[in-house]
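Participant: Mind looking over this structure? Questions follow.
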Amino acid sequence: MTWTLDAEQIPALARGAAVLGTGGGGDPHIGALLAAQALDRHGPVEVVSVDDVPADARVVMVAMMGAPTVMVEKLPSLDEVVTPVRALEPFLDGPVTHIACAEVGGVNSTIPIVAAAAMGLPLVDGDAMGRAFPELQMVLPTLAGVDATPMAFADDKGNTGVLTTVDNAWAERIARVACVEMGCSVMIAIFPQSGAQLSQTMVAGSLTKAAAIGQAIAAARDANEDPVARAVEALGGRELFGGKVVDIERATTTGFARGRARIEGDGGALELSFQNEHLLAQVDGVVLATTPDLIIVLEHDSGEPITTEGLRYGQRVRVIAAPSDERWHSTEALALVGPRYFGYDIEAHRFDGEREVA
């Protein structure tokens, strides 16, 4: 199915993407502003389903790499988003024909909209995660054997580079160093691939899903219903915990926003651990949810998603969990994005929709 994305649809899509971003992916408001500006200037973007992309299409994923906390103060320009795509094209068999999302979470759901609008290209309705993860090799293309490189990156000062590496983990390591040196935030064009590969490398329909989640939250507020309950329903998830943020530790190190938050409520105290995205939720040492499943923090009454850099002392929040794409629970995938990869000595917990709310 093909549909047209215009500026009026951006707020709902950005809100839903912030929900799917599991706390990371950058400030959704900034991403929405960029996308709306691009659509106003260049016109609507055609969004095409994964199944409708021609097999011989040349697809490139466009994203922001770096710490979400930095992007709040260092807003990219439209030209900065397009630059890495243009820098990558000489290394491909021909010009890019389609733009895609590396992650549906946060600002990286809207950065590709900017590129598609500015370049007059269709946007694929899907992403490579179905959520957000902090490192660039943590995508379905890696599991499918698709190379991250050649990849291009560009900063706000006019610096541009193209990188080729032996594997996707090395692409992350080298690009992360460059990203830190370039101000902890760069635009990237990555994972060039054909349309024939998308069925293995994409979570289909994730942009449509993000827009639907954002619309459901807004509709619930308009109808004086519980927007958090509507978000849970739209996600096929469940509510884990509700309470007040009483402590937050956060620092930007090695290009990531790392930390933990403590939330107190009637069910005790819940601790969230994050690296850009929420990775672990536990109450008094009992694990409730882990990566790769989605752990999401919403404002208690409005249902607005709260990013890890947006968490503040005194906020009243509700924490929900939802299932990830099933492919993330394979043995190979858990080695890439499971709790042990991030240094937690626990096994991944598979989403349990029947567990009672704390």
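The values are calculated or read from the model by the stated rules, or taken from the named source; none is laboratory data. Everything quoted here is computed from the prediction, not taken from an experiment. Note that we place each Cβ from the backbone using ideal geometry, even for glycine, and neighbour counts take in every protein chain shown.
Participant: Mind checking which residues of region 222-243 are out of contact with any helix residue (DSSP H, G or I) (no Cβ under 9 Å at 6 or more places or on another chain), part of a helix (DSSP H, G or I) and buried (at least 19 other Cβ atoms within 10 Å of the Cβ)?
Facilitator: Residue satisfying the conditions is Val232 alone.
Participant: Can you confirm whether region 87-99 contains a residue that is closer than 30 Å to Ala321 by Cα and in the same structural domain as Ile190 (by TED's automatic domain parsing)?
Facilitator: Looking only at region 87-99, we keep the residues that are closer than 30 Å to Ala321 by Cα, and these are 99.
Applying the additional criterion that residues be in the same structural domain as Ile190 (by TED's automatic domain parsing) yields 99.
Looking for residues that are closer than 30 Å to Ala321 by Cα and in the same structural domain as Ile190 (by TED's automatic domain parsing), one finds at least one in region 87-99, hence yes.
Participant: Another question about this same structure. Filtering region 285-305 down to residues that are surrounded by fewer than 23 Cβ atoms within 10 Å (Cβ to Cβ) and among the β-branched types (Val, Ile, Thr), which residue is farthest from Gly24 (Cα to Cα)?
Facilitator: Only one residue tops the list, namely Val286.
Participant: Being touching a Pro at 6+ places or on another chain (Cβ under 9 Å), among the small types (Gly, Ala, Ser) and part of a helix (DSSP H, G or I) is the filter here, so list the residues in region 1-34 that pass it.
Facilitator: Ala7, Ala14, Gly16, Ala17, Ala18, Ala32
Participant: I would also like to ask the following. Considering only region 310-331, I want to know if a residue exists there that is without any contact (Cβ under 8 Å) to a residue 24 or more places away in the chain and surrounded by fewer than 16 Cβ atoms within 10 Å (Cβ to Cβ).
Facilitator: Scanning region 310-331, I find at least one residue that is without any contact (Cβ under 8 Å) to a residue 24 or more places away in the chain and surrounded by fewer than 16 Cβ atoms within 10 Å (Cβ to Cβ), so the answer is yes.
Participant: Mind telling me which of the residues Val317, Val357, Val286, Val337 ends up being at pLDDT below 95 and in the same structural domain as Asp247 (by TED's automatic domain parsing)?
Facilitator: Val286
Participant: Out of all the residues in region 249-273, which are among the hydrophobic types (A, V, I, L, M, F, W, C) and surrounded by fewer than 19 Cβ atoms within 10 Å (Cβ to Cβ)?
Facilitator: Taking region 249-273 as the starting set, the residues that turn out to be among the hydrophobic types (A, V, I, L, M, F, W, C) are 251, 256-257, 261, 263, 269-270, 272.
Of everything in region 249-273, those that are among the hydrophobic types (A, V, I, L, M, F, W, C) and surrounded by fewer than 19 Cβ atoms within 10 Å (Cβ to Cβ) turn out to be Ala251, Ala269.
Participant: Being surrounded by fewer than 24 Cβ atoms within 10 Å (Cβ to Cβ), among the charged types (D, E, K, R), touching a strand residue (DSSP E or B) at 6+ places or on another chain (Cβ under 8 Å) and not assigned by TED's automatic domain parsing to the domain that holds Ala321 is the requirement here; does Arg176 meet it?
Facilitator: Numbers: surrounded by fewer than 24 Cβ atoms within 10 Å (Cβ to Cβ): yes; among the charged types (D, E, K, R): yes; touching a strand residue (DSSP E or B) at 6+ places or on another chain (Cβ under 8 Å): yes; not assigned by TED's automatic domain parsing to the domain that holds Ala321: yes.
Judged against the criteria, Arg176 is a match.
Participant: Determine the pairs where a residue that is at positive phi, located within region 191-207, has a partner that is in a strand (DSSP E or B) with Cβ atoms under 6 Å apart, the partner being 6 or more residues away or on another chain.
Facilitator: Phe191/Met61; Gly205/Asp125
Participant: Taking Val246 and the conditions (1) farther than 30 Å from Ala87 by Cβ; (2) surrounded by fewer than 16 Cβ atoms within 10 Å (Cβ to Cβ); (3) at pLDDT below 95, which numbered condition does it fall short on, given that it satisfies the others?
Facilitator: Only one criterion in (1) farther than 30 Å from Ala87 by Cβ; (2) surrounded by fewer than 16 Cβ atoms within 10 Å (Cβ to Cβ); (3) at pLDDT below 95 is unmet by Val246, namely (3).
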